[in-house]
Structures are given as structure tokens and as C-alpha cells.
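In what follows, a single structure is set out as C-alpha cells and then discussed.
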Number of protein chains: 2
Amino acid sequence: MSGLLEKEIQDAQEAVTKQGDTVRSLKASLKDGKAEKAEVDAAIQKLAELKLALEAKQKEYEKTTGKVSAQSKEALRAALAGVLERRMFYIPSFKIYGSVAGFYDYGPPGCAIKQNMTQTWRNHFVLEENMLEVECPAVTPEIVLKASGHVDRFTDFMVTDVATGECFRADHLLEGHLEALLEDKKNPVSPEKAREIRELLASVGELKQDSMAAALQEYDVRAPGTGNAISPPFPFNLMFKTSIGPKGDLVGYLRPETAQGIFVNFRDLLYYNGGKLPFAAAQIGNSYRNEISPRAGLLRVREFTQAEIEHFVNGADKSHPKFASVAGLQPLLYSRALQMGEEKKAQPMSLGEAVEKGIIANQTLAYFIGRTWLFFIKVGVNPERMRFRQHLQHEMAHYATDCWDGEVETTYGWVECVGLADRSAYDLKAHTAMSKIDLTAFEKFPEPRMEEVVKVVPNNKELGAVFKKDQKVVKEALEALDECSAMELKSKLDAGETAKVSASTGQSFEIKPGMVEIKKVTEKVTGKTYTPSVIEPSFGIGRIMYCMFEHSYYTREGDETRAVMGFKPVVAPTKATVFPLVQKPALNDLAAKISRDLTAAGLSNIIDTTGNTIGKRYARTDEIGVPFAVTVDFVSVDGDGSVTLRERDSMAQVRVPQSEVASVIRDLVDDRTSWADVAAKYPAQKAQADDE
Amino acid sequence: MSGLLEKEIQDAQEAVTKQGDTVRSLKASLKDGKAEKAEVDAAIQKLAELKLALEAKQKEYEKTTGKVSAQSKEALRAALAGVLERRMFYIPSFKIYGSVAGFYDYGPPGCAIKQNMTQTWRNHFVLEENMLEVECPAVTPEIVLKASGHVDRFTDFMVTDVATGECFRADHLLEGHLEALLEDKKNPVSPEKAREIRELLASVGELKQDSMAAALQEYDVRAPGTGNAISPPFPFNLMFKTSIGPKGDLVGYLRPETAQGIFVNFRDLLYYNGGKLPFAAAQIGNSYRNEISPRAGLLRVREFTQAEIEHFVNGADKSHPKFASVAGLQPLLYSRALQMGEEKKAQPMSLGEAVEKGIIANQTLAYFIGRTWLFFIKVGVNPERMRFRQHLQHEMAHYATDCWDGEVETTYGWVECVGLADRSAYDLKAHTAMSKIDLTAFEKFPEPRMEEVVKVVPNNKELGAVFKKDQKVVKEALEALDECSAMELKSKLDAGETAKVSASTGQSFEIKPGMVEIKKVTEKVTGKTYTPSVIEPSFGIGRIMYCMFEHSYYTREGDETRAVMGFKPVVAPTKATVFPLVQKPALNDLAAKISRDLTAAGLSNIIDTTGNTIGKRYARTDEIGVPFAVTVDFVSVDGDGSVTLRERDSMAQVRVPQSEVASVIRDLVDDRTSWADVAAKYPAQKAQADDE
């Protein structure tokens, strides 16, 4: 039975491919007048029907065999991609030159959604918290990224086909190979082997170079396609490199994240904020990663928009004054314990409880998890298909205190869209070390306190005698010792030993007893200098958009040829369409007036005066996710002046006075009123228009 | 007299420099608690006073000597730069690493102004004309920029100091040298020489490599600073180069303009627009130019935001349906004739007249000049200090039909902020030639017509006999001839001559009579295929911002220590401040409520509850250009509930009911009402607050 179905699926797929070719050639003919637009539209319609027939077969296959076919996910993805590309949400860049993997252009509706999404982000985070927004260049001199560690460590392991030179990501190859072994029904692996493979699979992302080499060799992984041997894995830096200025001696990179621009400005931002902490800075901008083999559409691209927040806070107190406002939220949390446990499933838990039980490290991190969850819901991600996954210990950088990824479920699996990390004071310390510029903050105590402090008093005479011209350097090195190091030095010297001290010049000096006096004294202290900790929520806008596209796409029961993008009004590229019911000057004029009212209210809108039936016109706007439609008929002109207002998802219609329609839609878009309220307030209209 | 004044100016400058150092060191002390904020603020105040004293001296010098001193321009620039940097409108990037020339970061108010400006641009152009907005990557494969000509020709001439290797822009060096010669009072040049130098100065920008070399040699131009000899000039490509993908064999560049992303998408955009022309596409995004020696702050940077429009139109009809709406505008036009004439001064002229007289090439170009003028006025550029300068014939590319630069007068002279060019069909043809993809449009005639067309019928037998394996190439070359070339060939062959024909392969073939039949026939034609012309308005957002900053900066008579940024409400980073008159819970609560009302109305605002006097608080907000201030006093709480609303530039104050204040400000910001209307409607309040 399922064999027969598989054949049918194959046939259906071929029909889709063939019709796709027909559409393409018709489009070309349209250009030189050899085909009519109607002909092309009909062919596109036919293509959509064939795709649905394919989908139906795949669903049947799933029911019969009890497993989700890879084709089905691909079918959903293909159907969605069809809408997204045909309506120019986004398309591969440089198409006329054959495109380059990992680059996409946003067309008009994609552009509008992206603007709406970043503006919503700005309102939700930057304005709400009075964050300091900055905009820094993408071209970055090497020293900044040397300090941050990107020059040395921002790498993926790469292997090459020894015969063709083709490049692959080592972890992707190994994963694919291991998964194929597990799924191989003809030569099943032993249960022990399967367990070993599964364990290896779970850690592929964290393998060091030698373990990766060993694993690739042990499983005899070969180049896809050719089956050739592959080179040993080697690190490939993912930054795009360039050269700044005419001499060619200043190396620059395209920033791999926007965060560093904020860190290097910490001093000015702190001054701007009147020297007060905590405060947050934010940046929305493009970042660049020269991925080895980009795939999965918008999910892994080489140029992408990030929205990043750096919340600077005294590490000694990471409570958050507004935490109570999110403590009751219950997002799906996938803690370390749940990941290591039997069920391996995220559970809803209130953020208050998570902080109390120590599952989330502190209030500030939890506050941003809560705000992030609200943001995702606001822009149209299904909260039941979103979770926060905690990094396992070995996934985190050594300096990080706690990290959670905001992940969204799609046909590609769980996709990381946001990273929320408590990075301690690592970043500012790294830039201080490289730039020699003090990036600390000063906490002034409400009242001066008497405190025991460690005093380091160098013996100038001794130092001069021994170190001669280096005296000053040694003196500064001693005075720069932190309390711990000073007390350690003291204990050595007290024991009559010598000890080495490093200076900022890179030199090291041997200190003997008598050269310095170290003592604890009690003195009046007005405050304390410290390097602030950073809590970093970092958003990938394109990934969120793609996940939102998948969650928004649906077809109506009984009308499966009609794709609907159920965008939330706040992100929808067009908020309303205006239709004259039929082509009459009086109706067209009123439609134009209503369109002007909508524009004046800041609502993007389109008038559709094509001769198409209302049903067809709705279908066209459903596909680009227009949430509201206004239809102007003779009652609007000759009767009581009311127009029909239709809501996309319920397809419900009400009669609204024309003078009120713009403000009703404005309130709906701004979430000041709900459709239920509108439906209760205005008389319903029978939805006859849809049947035409 | 003027000698004494010059000495005084010098002293005043030294005082400014010294006080600048004091401010810097106090700021450092502030950080570790060794200085108070008030102390720093006082020092900054003192610095501003010293700057003004310097300015006053310079003005006196100007009056006495009758010439504008370079110092005075520099003083204005320095005073403005002080405000812009201190309030973090923008600062040099990567400051803690010593900065890199040509890169700037926007701080919070700069970021907000940039967003307001791009959003105003989007509303004014994209929404108003239903343009198709796109967003394309900055990283661009070489072939795209090879086609556009940037790989071969996007260069500046560079020279190097032969001893130190330092790099300079040849034209800048030559200009500086020639200007110094003209201004040298000790060794004045002869009147003939002066004329020769002035003529050379006027053409420095257009010199070819050999003329540049000759000029540099003739005038013995040397490296600044060292006085060393310089190398001959050589072209330096201004694009940042990188490599895409892991193999390193795909060369990429950071785009030097956003326009190419639109051109390569022409086919998809035309389809999106239902195959109809004219239409315009637009893009706002960052572009990159690796300038040899960036200078002049935001005016010449290496990474900058462009807003570009490509208006595609049939070259046969460049009229514009909305031209009447701008025909009566009278911007300053600096036509070719005025530039070549005696007075060398722009004149106001109506756009209708300019098109009628053939001064501006066509309605569409003139329409965009008019819309651009309105945009500049809208964002706060002084229209009396803005002109449209037509390119002289030798400044234009060979394919361009007409070009006008929108220029704004600043302390740096006239700055090009916008280029408006009729580029004919050059761009699309260039991409067709490189990609072999047809980038034409089809104009369907309302009715099919009988038209005389040229038919080219190759004689296959003859061609085969003579050209053998090249037969196909020759045949295609003949069939690809346009009507003109075909008729030219026909006349030669008819006269018994031979003629050369070039093929797309680059080969050239000798055609003899009998090899091809060329004839005019009359046939039914349904429409015409053509490559659209492009009219391109291209805006540099950072440059417009800087010009706007200079035009917005002023000080009040009798209160010259107080800088005011007179931003138009639509671009102002903060629309309103809210002050409780004194520190009382009831007043603070009401202020907080009004702030919430403003936020709900989409108006960015700040509450100032510092204990400062109202006068000081106004001064702080004047400096960041907040247009409206709301003061809450006891009348607001206990009396009639009205608050004081103050307009920044007139300093006039009115009493407005608190419930109306947000909507009044919203209307003022959106230009739905004027301050005059508000002042007429609400009772005035004596401006006592400013004197406190």
C-alpha cells in the first residue's frame, strides 16, 4: 500500500515540477506580449492546485505509515516559499547572475514587514526601558575583534574534498553521516553502536579539532556527491576580511555581531547616562558571517540584521526593578535538568518560580526572557511552539554565568532566534586589556563608609636601586595589583620568598621582601570602582521573520487552494485594502477618499479597482496577509454611508460608518480594541462577498 | 589694527584649547568620584563662553577687515561640534582604539534624528509615489560591479610621499597647492598666471591621469608636512574588497551605492508591478567607499547611509502626471548657463519655466527636483542656502541626458547632498550585456498598428559557405542589429561596399553584398519592446543631517552662551520635555501622567525632575533641540488643571488644558497645526520661567 502511495507522491512531484516550468516560460512570454496576465495567473493557480494535491498525498502517506514524511515538511516549505517568492517577500540576491548562496533581497512586502518588526522591537525594548540606541559601522578595525576574541576563535571546522577542493562544514558532514547510519534499514547498526552514535551526535557542535578529526576518520566520512576522501578538519574564520584605507596595511573585518560597537562606546554611554548604572544600550544593524555552506533560506545567511541589547549592571546586584511585571509569565522553559532528564521536553514554568529555584541565574536575565516572550507573541510567533533552552555547561563560554536560547519550532526543527546571555564582566575587561582604557563604573555609596582596604606602598629607593630605568613601570605594576593579588604577594614576601609581578608593558619583574609594603588599613571610602557585568539579549530579525512566516501560513478548510498569511496587524505590510464593489465612478471616488483617510491615519493601504470578483480580490490580499478589507458599495454612496469592514482570519464582516472606518482600523492595529469588540459594536454583514 | 586683533584671536583660541583640556581631565575625575558632575558642567559652561568670546573677536575681525576669516568658520564648526559630540549626536568610531578616519557612530539623539529623517524620506517619496521599496545586501559579487563599471572606473587618483609612503588624493593636493599660490601675499603671482591657475582649479575634478601628472609636475606639488617629492598619480579603486565563501575564489565588494541592487532586480520588480511602466523602486541602506583621506566629519565618510530612487520610464515619454503639483515651485537653480556666465550665482526659477525653456531636460527630472526641494525644507534645511546645480557637459557621463546636484551651503562651502540624474537606458543595458538576461519592458499599444519595420534576412547558404563554423554567430549578429545599424549596413551593401559587423563574442566579421537581405516592410505590430530609461535621485542621509545641523544651530541675542538646535519637530529626537516646576510628589505624579500620555500618542519625551531651575532645564533641552516643553505647576494640580506649553524658538508660552496637551503637540509635530494657531487659541503665559 505505502509503496503505491510513494509512487503517486513521486508522480505528483513531477507534475509540480513540470507546471513550474510552464509558469516560468509563460512569465517570459508575458514580457514580450505573447501571453496575457490572465493566462499566467491561471497557470500559477494550477501550480498551486498541483502542490496541494501533492500535499494531500503526503498527508495520506503520513496517516497510513504513521510517520511524518520529509516530503511533507518540504511540501509545506515549498508551498510557503512559493507565496513568499511570488509575492516578493524575499528572493535570492543577484538572480540575473545566478545568485550567491546566503544572500537574499527583501521585496516590497518583506521590506515593510522588516520595518514593522524592527519598529515593534524598538518600541517594546528601547522605548519601554529608555535604552540608549546607537548605530556603529559594520567595517571594524582588526584590533577591536582581536580584543573580543573573534579574530582568533570565530571559526567553524572545514573539510575539503581532496579531489575537487569543494568545501564542507565538518560538523554538518559528520551529523549527516551519523544520522544516515541510524536510519539505514538495510544495514542496521547494533544497539550499542546506535547508543554510541547518538551520544556523539549530541556533542558534534562542541568537538575540538582533534576529536572531530578522529570522529570523521573513525566513521570514514566522505565527500557528499563524489564519495572522495576528505581533508582533516581545519578552522575557518567566518569573518569577511577587508582592508581599510589606501595603504592596505590596516586590516578590517565586517562585524560578525553588532555588540562590539556598544562595548567600545561604554565610556561615552556611561557619561551620557550621567554616570549611573544599570543602563542598557541597543543597536539594530547588519552583521556578516562568511558561512561555509549557507542553507535553509533566511535561517542561515551571510548578511543579516541583528537587534542587540547590552544591559550593563553591577555584578553584585542583578535584581531588576520591573521583574514583578513578568514574574507571572509562564513560557516553555527547557532547563538543563529537563534536557538531561528522561522526557527531554520543555515545560511551562513561571519566571518567578524559575528565579526562586535558581533555574534562571538572576532577575535581570529572567526579566529579558519574559520581555522576549511577549515580543515574540506580539509579532505573531505561536507561543506553544516557542521555548527557552538553557545552554548546557559545556556549551557556555567559560566566563558566562547563564545562557538561554529563544528557540522556535519550524519545519527545520527548533531554530535559535534569540540568545540571552549573562556574560559577566568579560567583554569590558577584554577591551580594557587591549585598549588600556579604563572601562569601569563607580558606585558612590549613599554615605561614606569605613572599610578595610589593602594599601600597596612601593619602596621607591629600593626599586630605583634594583630596577633603574624600569622603576616607574614596576611601581605602576605594584600599584595596579588588585586586592587578591596584593595579599598573595604579601604572604609570599612575608614568608621571605620572592614573587614575579607582570607589568602592562608585558615585562615581568622579580619582587623581593622590602621592595614594597602591603598592609590592610581602615579608611573612609566614598564608593567602589567595578567593571560592570553585561546581560545580552541578541535577536536575529530575519530568523524571527521566517519563523513567523511559517506560523502565519495556513489554508482555509474546504478552500485549500487559497494561501492565507495570518500576519498580526502590527507587522502586516499592508493594513487594509479598499475595494469598490463594482467599477463605478461614484464607488471609485469614495474608495479613493477612504484610502486617503487611511493614509492620513498612518495606515498603509491599497485600492484594488481591478474588475476581479470580490472573492478573487480577497484571495490576493489574503496571500500578502492584509488583515482588514473595506468594501464600498451603493449603500455607502446612496444609502446610510456605511461600508463593509472584513477581518481576514474570521472572514466576519460588519457595517461601519465611513467616517469611522480609519480610526476603527487604527485602533485594531494598535491593539487598543479587538475584533470581538468591533463585531459587538457594529451590525454584522452577511459574508456573501466571499462566495462570488 | 587687524594685526592686534589677530593676536587677540590667537590668544582666545589658546584659552579655548586649554579649557578643553581641563574639561577632559575633569570628566576622567568624575568617573572615579574625584569630581562632581556640577564641577564638570561648570567647566563645560566656561568652555562655551570662551568659544563665544573667540567667535566675537572673529566677527569683529570680519567687520574690520571685510573678509570672512577661516577661523570664524572653524569657530562655528567647533562650537557646533562641541554640542554634537558632547550630547552624543555622533562621535568618532572606535575611540578607545584611537579611531579610524571616516567612521562615525551615532549616539542616542543622532540615531533618533536619522530614523526620523529616513522615515520622513520614506513617507515623502516611497509612500507618496507608491514606490517599490527593496533591501539588498551590501556584499556584492564582482560581476555585478564589473557590469556597472565600478570595478574598472570607480577610482580616485592617488599620490604617495616617495620617502614615507603616505597616501594623498591627487586632486586635493593640487587644489590646496593652487589655492595657496593664489593667496600668497608675499610672492603674488602675475594676473595672467592667476587666471591660468583659476582655470586649472575649476577643472581639477575632471583631469585625466596624464593631465593630472603634468599639472602636479608643472607646479612642483610636494607632500604636505614633509615637503618630499610625490609619486606620479595612479588610479586607486574606492571599493572595499573581500572574498565570499570558503574557497576564496569569489571576489566580492561592499557596494559603493545601493542602486545596483535595484537594477539587477528590474525583471522581478516589473513583474511585481504587473508589467506596467513607469514605476519607481527605492532603497535605503548603507554604502561603502574606501576614501583615500576622509575629512570634513560626516561629509566624507567611508560607510554611509544612502536613500536612492530608480524611476523607470519609457525614454520616449518622460512627462510626469503630477508635474503640475511642483511646476510653480521656485528653487534656486544654478544652470549651466549661469555657471558659465559672469555673475556665477544661482537664481530662483519656477520648475515649469525651467522645463519649458529646456533648462531642465524633462518633467520627470524636474518633478523630482521639486519634491527634493520640499523634502529639504521639511527636514529643516534653509531653502535660501540650497541650490540645484546642473552638471557641466564635461562633468556628465557620456550616457547621461541631464544631471543636477542638490547642494547646501555650509561652512565647508557648497556640499553636494543629492544627485538627480537622467541616466538614459545605460544601467539596464549594461546589466543585459553582462548577464545576457533580457531587461526590457513591453509597451502594448492600445490598438495594434500597421508599422514600417526593418527586416534582416540572412542568406544562410552564403554565410555557411564563407564563415563555416562561425555561421551561427554571424547570423545572430546580423539579426541583433538595431534599425539604424541595419539601414546603415544596407546602404553600404547596396553601394556594393563591404562592412564590418561585431558579434557578441567580440569577433568582427566582414559582410559582403548578397550575404543578407535588408528590407523595410509594413506589418501589424501589437506593441514595442524597449529598455527603460532611469531617472535617479540619490540622497546622502549623513550629509543632509550635517547640513541640517549647521542650519539649525543658533544662539539667542543677549544669551550667546546658550546653544539652541532649532530642529523641525518632525526630525527632533525628542518631541517634548515635561518639567514639574518644583520637586513635589503631586507635581511629579502629574508630570509622569503627561509623559505617559505623550508616549501613548507616539511622542518621544523626557521628564526632567532634577532640582535645576527651569531656565537651566530649558537650556539643556534647547541644546538637543526639543521643540516643546510642558511645565506642571500648582495651578495644574489644584487650579484649573492647565499646564504651560512652551515653544522653543519663540520661547512663547501658553496655558493648555492637560487633557489636550498630547494631541496639541501631536498636531504640531505632524504639521496639522502651527504654533501661531495654538498661540491664538490658548491664553498666553508670561515667560517668567526663563528668567529664573
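The values are calculated or read from the model by the stated rules, or taken from the named source; none is laboratory data. All figures in this text were calculated on a predicted structure; none of them were measured in a lab. Neighbour counts are summed over all protein chains in view; Cβ atoms, including those assigned to glycine, are modelled from backbone coordinates with ideal geometry. SASA here: full protein model, heavy atoms, side chains in, ligands and nucleic acids out. Shrake-Rupley method; radii C 1.70, N 1.55, O 1.52, S 1.80 Å.
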Could you tell me how many degrees, from 0 to 90 and to the nearest 10, lie between the Cα long axis of helix A:70-86 and the main elongation axis, the longest principal axis, of the Cα atoms of chain A? 80 degrees
Please work out how many pairs of lysine residues in region A:400-503 are eight or more positions apart (or on different chains) and have Cα atoms closer than 16 angstrom. 9
The ³J(HN,Hα) series, computed from each phi in region B:488-500 with the Karplus coefficients 6.51, -1.76 and 1.60 at θ = phi - 60°, rounded to the nearest Hz and given as x for glycine or proline, is 5, 4, 4, 5, 5, 5, 4, 7, x, 8, 9, 8, 8
Need one word for region B:156-237: rounded, prolate or oblate. Basis is the Cα gyration tensor (sqrt eigenvalues a ≥ b ≥ c); a/c below 1.5 gives rounded, then a/b vs b/c decides. oblate
At a cut-off of 20 Å², which residues of region B:163-202 become less accessible once all protein chains are present than in their chain alone, using a 1.4 Å probe? B:C167
Helix A:108-121: angle to the longest alpha-carbon principal axis of chain A, degrees 0 to 90, nearest 10? 50 degrees
Per-copy distances of the B:A324 label point, shortest first, in nm (7 angstrom along Cα→Cβ): 6.4
Treating the point 7 Å from Cα along Cα-beta-carbon as the label, what are the nm separations from A:T411 to the other copies, to one decimal? 5.9
Averaged over its residues, how many other protein chain Cβ atoms are within 10 Å of peptide B:102-113's Cβ atoms? 6
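How much of the accessible area of region A:574-681, probe 1.4 Å, is carbon plus sulfur, in whole percent?
54 percent
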What value does region A:292-341 have for Rg/Rh, both radii from Cα atoms and Rh as Kirkwood defines it? 1.12
Calculate what fraction, in whole %, of the accessible area of region A:427-533 sits on carbon and sulfur atoms when a 1.4 Å probe is rolled over the protein chains. 50 percent
Karplus (6.51, -1.76, 1.60) ³J(HN,Hα), θ = phi - 60°, over region B:511-528, in Hz, Gly and Pro reported as x: 9, 10, x, x, 7, 8, 9, 10, 8, 9, 10, 9, 9, 6, 10, 8, x, 9
Please state the shape class of the protein assembly as shown: rounded when a/c is under 1.5, otherwise prolate if a/b exceeds b/c and oblate if not, all from the C-alpha gyration tensor. rounded
For B:G527, residues with placed amide H under 5 Å, excluding near neighbours: B:F445
Set Lys and Arg Cβ to +1 and Asp and Glu Cβ to -1, take the dipole of chain A about its Cα centre, and tell me which of A:Q685, A:Y426, A:G413 lies farthest positive. A:Y426
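Determine by what factor the alpha-carbon radius of gyration of region B:543-692 differs from 2.2 N^0.38 Å, reporting the quotient.
Output field value: 0.99.
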Per residue solvent-accessible surface (Å²) - chain A, probe of 1.4 Å: 45 Å²
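Let me know the shape class of chain B, please: from the alpha-carbon gyration tensor, a ≥ b ≥ c as square roots of the eigenvalues, rounded when a/c is under 1.5, otherwise prolate if a/b is greater than b/c, or oblate.
Prolate, since a/c reaches 1.5 and a/b exceeds b/c.
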Set of lysines with alpha-carbon distance to B:K357 below 27 Å, sequence-local pairs under 8 removed: B:K318, B:K322, B:K344, B:K345
B:K57, B:K357, B:K575, ranked by accessible area, largest first (probe 1.4 Å): B:K357, B:K57, B:K575
Kindly express, to the nearest 10 degrees and within the range 0 to 90, the angle between helix A:585-600's C-alpha long axis and the longest C-alpha principal axis of chain A. 10 degrees
Calculate one ³J(HN,Hα) per residue across region B:369-381 by plugging θ = phi - 60° into the Karplus curve 6.51 cos²θ - 1.76 cosθ + 1.60, and present them in order as whole Hz with x for glycine and proline. 4, x, 5, 5, 4, 4, 5, 4, 5, 4, 8, x, 8
Rounded to a whole number, the mean other protein chain Cβ count within 10 angstrom for residues of A:243-253 is 5
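With runs of 4+ DSSP H residues as the only contributors, calculate the mean residue ellipticity of the protein assembly as shown at 222 nm using -39,500 (n - 2.57) per run, divided by the residue total and rounded to the nearest 500.
Mean residue ellipticity, 222 nm, calculated: -12500 deg cm²/dmol.
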Say a label goes 7 Å from Cα toward Cβ at B:E356 in every copy; what distances in nm does this one have to the rest, shortest first? 8.2
Rounded to the nearest 100 Å², what is the buried accessible area between A and B, both sides summed, probe 1.4 Å? 6900 Å²
Protection proxy (average C-beta count within 10 Å per residue), highest first, orders B:340-353, A:254-267 as A:254-267, B:340-353
Solvent accessible area, Å² - B:D667, 1.4 Å probe, full protein context: 50 Å²
Taking the axis about which chain A rotates onto chain B, which residue of A lies nearest it as judged by Cβ position, and how many whole Å separate them? A:T242, 2
If you take every residue apart from B:V23 with its C-beta less than 12 Å away from the C-beta of B:V23, what net charge results, scoring Lys and Arg +1 and Asp and Glu -1? +2
